[in-house]
Amino acid sequence: MSLLRRCFDPIRSRWFFQKPSRQAVLPIDQGLSIYLRLDDVYSYLAVQQLTQLDELLSEQLKPLKVIISDVSAEPPNHMDVAAWHQYCLNDARILAQQHRFSFDDEKPEQPSAEALKQAKTILRHTPLRGQNFLYLLEDVFHMLWQQQYGKLRTLFAMASRHQVPQHFPERIFSHEPVRYSYFEFGQRQYQAVDDLLRLTRRLRQQNLLNGTPIFLINHIEWREHLINDAEQLAEIQAMDPELDLYIALEDPISWLLLAYIKEELAEYYDIQLKLYPLPYSGRDQFDWRLATRLSKRTEVAFTPFCRPDADAVMHMASLFYSVAEEQQLQTMYDILAAVWTDGRDLSYTPHFNALQQQLAITQLASGAEQQLLHNAEQCSALAQPDLPVLVLRIDGQQYVFNSLYRVWMIESILSRVLEQKYKAQNSKP
């Protein structure tokens, strides 16, 4: 790591952490927009919230702008299109169950090309505006994603015979690539489902909502436990849950989530947590604002830090694999804490030697690079679009999910497994 980066990163991190985590006021001159794709399942979930959101918006943000794109962005993490579509369908099913969205839970599938063309024609031709258009938009998405193609054809016939294309400033048909639905406000993007509560908090802060929003009613906040009853907690612990965590050592989100999961979830539910560090992949160019905000919400220390480069990652891995397996979790916790809270540059020999001594490691093990590559192969086989990747095993079942946006699934799955166990017991004669 360069001397400039080693010295400047801790100063920069302290500045980011100490400044207000939110800009006091975001500009409202561009209003509030939502970007959709008719063939995007997250857009289908998002439109189910739009009429309620529109009712709450102040006049300053009306009308809500709807941008409908017909171009999909490239799948993330080098996934092929089929694997990405299947992941999205599975993920949307989980979101729908958790947040009570309408969804075809039995056999969800992508809408046909012909149905997409008909839906676009209906939306282009309708003279409806405001709330009426949003209701129509939601109905059209239901028809697409629940294969109600007969209803869609009827609307299409009416729209194509009796209407002409309409042009309204709040309704735009675009060819701009959109990977999944998102809101845009104040030149910032908010994922349409995962960031909806963050967006509404922002709007409330700026007095841009006329009431109290109630969205995603089963959302699990950081440091909130679903299971508080001592007997139920003991039952979960008796199931010996296991959690594998694939992490990029140069990514601060890995530190924040590892610390949070270890301190708040693994110890509480007696989860056996195992770590699989991955080779350096350049994730040190992160969103500083997001990491700072996550640090404050999870109450995990995060400053000052020194972003690891490729050499530092290898040094971190060599320390990790030089201790016994039962010591690896605490060792990685100490390593990442040294980097992300103490500003240690582990490619710098004095920092590395001091940490090695602190960890009481007398001899470094060989083969760390091969271990990282093996972990990367295992992680790739799980076909997840983002890191960290989490694999939860409990009661004979395995659940795979990813990213900070799905950490809530740990508690949700535990709660659901316990509920299913009680139902099975009660159904016995």
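No value in this document is a laboratory result; all are computed from the given coordinates. Remember, predicted model here, so these are calculated numbers, not experimental data. When we count neighbours, we look across all protein chains shown, and the Cβ atoms used for this are built from the backbone with ideal geometry, even at glycine.
Please work out whether the range 32-74 counts as rounded, prolate or oblate from its C-alpha gyration tensor, where a ≥ b ≥ c are the square roots of the eigenvalues and a/c under 1.5 means rounded, while otherwise a/b larger than b/c means prolate and anything else oblate? Present the calculation step by step, with values, prior to reporting the outcome.
On the way: a/c = 3.76, a/b = 1.87, b/c = 2.01.
Oblate shape, in that a/c is at least 1.5 and b/c is the bigger or equal ratio.
If amide hydrogens are placed 1.01 Å from N in the peptide plane, which non-local residues have theirs closer than 5 Å to the one on L57?
Excluding prolines and chain starts, which carry no amide H, the hits are N210.
Which aspartates and glutamates have a Cα less than 12 Å from the Cα of K117, not counting those fewer than 8 places away in the same chain?
D39, D70
Mind checking which aspartates and glutamates have their Cα closer than 12 Å to the Cα of K151? Skip sequence neighbours fewer than 8 apart in that chain.
D139
So who's got an amide H within less than 5 Å of the one on N402, skipping anything under 5 residues away but keeping other chains? H placed 1.01 Å off N, in plane.
For N402, the qualifying residues are L390.
Determine, for each peptide in 351-358, 207-214, the mean count of other beta carbons within 10 angstrom over its residues, then list the peptides with the highest first. List each step's numbers first, then the result.
Details: 351-358: 15.9, 207-214: 13.0.
Ranking, from highest mean packing down: 351-358, 207-214.
I need C379, C7, C306, C88 ordered by Cβ neighbour count within 10 Å, fewest first.
Working: C379 22, C7 13, C306 25, C88 19.
Going from sparsest to densest Cβ surroundings: C7, C88, C379, C306.
Give the lysines reachable from K262 as a straight Cα distance under 21 Å; neighbours fewer than 8 places away on the same chain don't count.
Answer for K262, where 21 Å is the Cα cut-off: K274, K296, listed by chain and number.
If you find the alpha carbon centre of the range 213-239 and of the range 361-429, how far apart are they in angstrom?
Distance between centres, Cα-based: 18 Å.
What label, among [x] 42, 26, 21; [y] 40, 23, 20; [z] 53, 29, 18, belongs to semi-axes √(5λ) of the Cα gyration tensor in Å computed from the structure on display?
It is the one labelled [x].
List W15, W408, W145, W222 from most exposed to least, where exposure is judged by having the fewest other Cβ atoms within 10 Å. Walk me through the intermediate numbers first.
Numbers: W15 12, W408 18, W145 24, W222 15.
If I rank by nearby Cβ atoms, fewest first, I get W15, W222, W408, W145.
Between D386, D195, D29, which gets the highest mean-square fluctuation from a Gaussian network model of the chain, Cα cutoff 10 Å?
D29
Quick check: from the Cα gyration tensor, does the range 277-429 come out rounded (a/c under 1.5), prolate or oblate? Provide the component values of the computation, followed by the final result.
Details: a/c = 2.15, a/b = 1.76, b/c = 1.22.
Since a/c reaches 1.5 and a/b is larger than b/c, the shape of the range 277-429 is classed as prolate.
Quick check on the chain: helices-only [θ] at 222 nm, where DSSP H runs of length 4 and up contribute -39,500 (n - 2.57) each and the sum goes over total residues. Nearest 500, please.
Working: 16 runs with 199 residues, N = 429.
Estimated from H runs of four or more residues: -14500 deg cm²/dmol.
Would you list E59, E109 from fewest to most Cβ contacts within 10 Å? All intermediate terms of the calculation are to be shown ahead of the outcome.
Values: E59 8, E109 11.
The most exposed by this proxy come first: E59, E109.
For labels at S160 and L136 in the simple 7 Å Cα→Cβ model, what's the distance in nm?
Going from the S160 label point to the L136 one covers 1.7 nm.
Zone of A82 (label point 7 Å along Cα→Cβ, backbone N under 20 Å): which residues in the range 38-56?
Counting only backbone N, you get 40-41.
Net charge around R161, counting only other residues with Cβ within less than 15 Å of its Cβ (Lys, Arg = +1; Asp, Glu = -1)?
Details: positive: R124, R153; negative: none.
Overall, the nearby charge balance is +2.
Obtain the nm distance between the two label points defined at R198 and E74 by a simple spin-label model: each point lies 7 Å from its Cα along the Cα-to-C-beta direction.
With each label placed 7 Å out from Cα toward Cβ, I get 2.4 nm.
Show the residues, 5+ positions off or on another chain, whose built amide H is closer than 5 Å to the amide H of S72.
The answer is V178.
Return the single residue from V178, V25, V66 with maximal mean-square fluctuation; model: Gaussian network over the chain, springs between Cα atoms under 10 Å.
Highest fluctuation among the options: V25.
Relative contact order, percent, of the chain when contacts are C-alpha pairs under 8 Å separated by at least 6 residues?
Values: 602 pairs, mean separation 85.2, N = 429.
It rounds to 20 percent for the chain.
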